[in-house]
Each structure stands twice: as C-alpha cells, then as structure tokens.
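A.B. asks: Let me give you the structure first, and then I'll get to my questions.
The values are calculated or read from the model by the stated rules, or taken from the named source; none is laboratory data. Here the structure is a predicted model, which means the values were calculated and not measured. Using ideal geometry, Cβ is built from the backbone for each residue, glycine included, and neighbour counts are taken over all protein chains shown. When the accessible area is computed, the model is the full protein with side chains, heavy atoms only, and any ligands, DNA or RNA have been set aside. Shrake-Rupley method; radii C 1.70, N 1.55, O 1.52, S 1.80 Å.
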Amino acid sequence: MSGAEIMVESPAEGVRLLRIHRPEARNALNMAVRRLLVKHIAACSADPGVRCVVLAGDEKAFAAGADIKEMAGAGTVEMMKRGVLDLWRATAASPKPMIAAVRGYALGGGCELAQLCDIIIAGESAKFGQPEIRIGIIPGGGGTQRLTQAIGKHKAMRYLLTGDPFSARDAEAMGLVSEVVADEEVEPHAVAIAARIAAMSPLAVQQIKDVVLRGMDMPLDAALTLETRALHLLFSTQDQKEGMAAFIEKREPVFSGK
Ligand code: DAK
C-alpha cells in the first residue's frame, strides 16, 4: 500500500513501516509529508494489529530536514499558521514504540524526527546534524532540547552552534543512537527489533514507553512512584499471568494484550 509521499509497508507481524518518499528532495519534510506522517501514526495508534512502528527513508536520506524551499518566503504569521509544532507533538504522541531506521542524511527536522523516535538504528554512513544555524534559524522541532538531553550541553552546543554534521559512530558514542549497523542491515535490523517488541505484551510495552517519557520530565522520586504504579497495574493483566506461567512451565509466552 502506498500514500502520496509516505509509503506504508507491513514487513512483519505487528510491524508497520512508514517510509518517507521524496527522493528528489532528499526526503525533505514539507507540510504534506508532516500531515501524512501524523495521519499514518494516528492510524497505527488506533490499529490493535500494529504493535511497533518503523520510520524510514531511503539509502540517501532519512530526511534532510524541513523543506527549505517551502519555508524560505514565509513570515512569522505564516509560520505560526502552519501549526508545525502541533504536528510534531502529534507525531511524538504515538503510544506505540517508534524505531527510526536511519540511512544517509538525518539533518535538521530529519534529525529531530529521529530523536522523537524511541530507538534509533543507524547505518555506518548515516550523517546526523542540526544545520539550521547555517540558514539563519534554529532547530524548531525539539533539536535544542532533545539533543541536549541525549548528548549533554557541551556536545549539543558544539553541533548546534556550528551546524557541523556528525557520523553515526559519533552519534552512538554520544548516546544519540541506539545501534550502528552496516547500511544494508539498517532496515532488516530495525524490523527484526520491531518484530520482537511486537511479540511482547503490548500493555507492558506501552507502560514502558509512557513511564520512560513522562519520567524524563519529572523529579526522580515522582518518576519512581509512577514506575511502581505502572508495575502494579500490570498485575491485573492476563499477559502478566501468561508471561510468568510460561517461564515456570518452560515454554514461550503468548501475549494477548489483555
Ligand atoms: N529542503 C528542500 N530541498 C532540499 C532539502 C531541504 N531541506 N535538502 C535537499 N533538498 C533538495 C535540493 O535542493 C536538491 O534539489 P534540486 O536542486 O535537485 O532541485 C535535491 O534535494 C538534492 O539535494 P543536493 O543536490 O543538495 O544533494 P546532495 O546529496 O549533494 O546533498 C544534503 C544532500 C542533504 C547534504 C544537502 O541537500 C543539504 O545540505 N540539504 C539541506 C539540509 C538542511 O539545511 N536541513 C535543515 C533544514 S531547516 C519548525 C520545526 C522544525 C523545522 C522548521 C520549523 N517549526 C516547529 C515551525 C526544521 C527546520 C529545518 O530542518
């Protein structure tokens, strides 16, 4: 199944792959792509058959950022009316795990899109960066905040203030990327991880995502309380009974999401 600029694929049981498809513009995120992403992510959220989402581009680019040609002539009011922040929020609000499968360039808004995913699998030759400073603006999709959270103030400032790109290996060493694999392994590996997550209890998966993300904005003690409450909640699920019974009976669990 394919959409205008987002291709929708089902590469494994419980896994939906959303592929940004604007190869002529290095997958730059124009408004149409941003809106389609939100639409497809909402469809994944509503579909109980989808348990994990993989976001991908192509071999040249995951996404080279916001579409500069679409932004170049805009004024403040026009930028406000586009509601890009709301679209970012809706993209980040996916309750299901999202894995970025990054090959080629992940720059500006493309780097930010990867950062709002939960896991980032990058190819050896992937290039990350927040080059907005070079075109007279600053990151607007979370780059000043999520990058700083991920790699720390001094590394983040180094890259935000110069716009220099950095390699997948550097991104991994700084803690921005979950894993670096050979370029041709990026998508198969991301899908394999997604399929493993899809086979877990979706209730426990959702609680982990929720507690990790909410906890990042909380004082530690409150976050630890949230964690304990979520754990207690899972003891009322069939999946908890099944998971523990399967361990005791030395068999693989079958999670129903109940
Ligand atoms: N926008 C529009 N077109 C782009 C593009 C982009 N970001 N990136 C590449 N293209 C187009 C090129 O213009 C070229 O088009 P034609 O000339 O063929 O018509 C085609 O894609 C191929 O590009 P290149 O010839 O440059 O290809 P190379 O392989 O040589 O270089 C590159 C690839 C990715 C290194 C290079 O294209 C590049 O530096 N691109 C720009 C990267 C960049 O500066 N990205 C940051 C954009 S600013 C907001 C939230 C977030 C944002 C904005 C607002 N709100 C909440 C309001 C985000 C801002 C950004 O991301």
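A.B. asks: If I ask for residues that are surrounded by 12 or more Cβ atoms within 10 Å (Cβ to Cβ), within 18 Å of the chain's Cα centre (by Cα) and of a type outside the set (D, E, K, R), which ones from the range 202-247 would you list?
C.D. replies: Result: Pro202, Val205, Gln206, Gln207, Ile208, Val211, Val212, Leu213, Gly215.
A.B. asks: Right, something else. Would you check which residues across the range 2-23 are assigned to a loop (DSSP other than H, G, I, E, B) and either of a type in the set (S, T, N, Q) or at positive phi (or both) and list them?
C.D. replies: To start, the set of residues in the range 2-23 that are assigned to a loop (DSSP other than H, G, I, E, B) comprises 3-5, 13-14, 21-22.
Passing the criteria: only Gly14.
A.B. asks: Here's another thing I want to ask about it. Please go through the range 80-136 and pick out each residue that is of a type in the set (Gly, Ala, Ser), within 13 Å of the ligand (Cβ to nearest atom) and at pLDDT below 95. Break it down stepwise before answering.
C.D. replies: Our first condition is that a residue be of a type in the set (Gly, Ala, Ser); within the range 80-136, this holds for 83, 90, 92-94, 100-101, 104, 106, 108-110, 114, 122-123, 125-126, 129, 136.
When the remaining residues are screened for being within 13 Å of the ligand (Cβ to nearest atom), the result is 83, 90, 92, 104, 106, 108-110, 114, 125-126, 129, 136.
Correct list: Gly83, Ala90, Ala92.
A.B. asks: Out of Arg19, Arg26, I need the residue that is out of contact with any helix residue (DSSP H, G or I) (no Cβ under 7 Å at 6 or more places or on another chain), closer than 25 Å to Ser167 by Cβ, open to solvent by 30 Å² or more (accessible area, probe 1.4 Å) and near the ligand (Cβ under 8 Å from one of its atoms). Which one?
C.D. replies: Values: Arg19 fails: near the ligand (Cβ under 8 Å from one of its atoms).
Unique residue meeting the criteria: Arg26.
A.B. asks: While we're on this one: Find the residue count for the range 73-98, including only residues that are aliphatic (A, V, I, L, M) and more than 15 Å from Gly140 (Cβ to Cβ). Even if it seems obvious, please write down each step before you answer.
C.D. replies: Residues of the range 73-98 that are aliphatic (A, V, I, L, M), as a first pass: 74, 77, 79-80, 84-85, 87, 90, 92-93, 98.
So of that shortlist, the ones also more than 15 Å from Gly140 (Cβ to Cβ) come out as 77, 90, 93, 98.
Total satisfying the criteria: 4.
A.B. asks: Among the residues of the range 72-93, is there at least one that is crowded, with 18+ Cβ neighbours inside 10 Å and touching a strand residue (DSSP E or B) at 6+ places or on another chain (Cβ under 6 Å)?
C.D. replies: No, the conditions are met nowhere in the range 72-93.
A.B. asks: Which ones in the range 130-156 are more than 16 Å from Arg89 (Cβ to Cβ), open to solvent by 50 Å² or more (accessible area, probe 1.4 Å) and not in a helix (DSSP H, G or I)?
C.D. replies: Of everything in the range 130-156, those that are more than 16 Å from Arg89 (Cβ to Cβ), open to solvent by 50 Å² or more (accessible area, probe 1.4 Å) and not in a helix (DSSP H, G or I) turn out to be Gly136, Ile137, Ile138.
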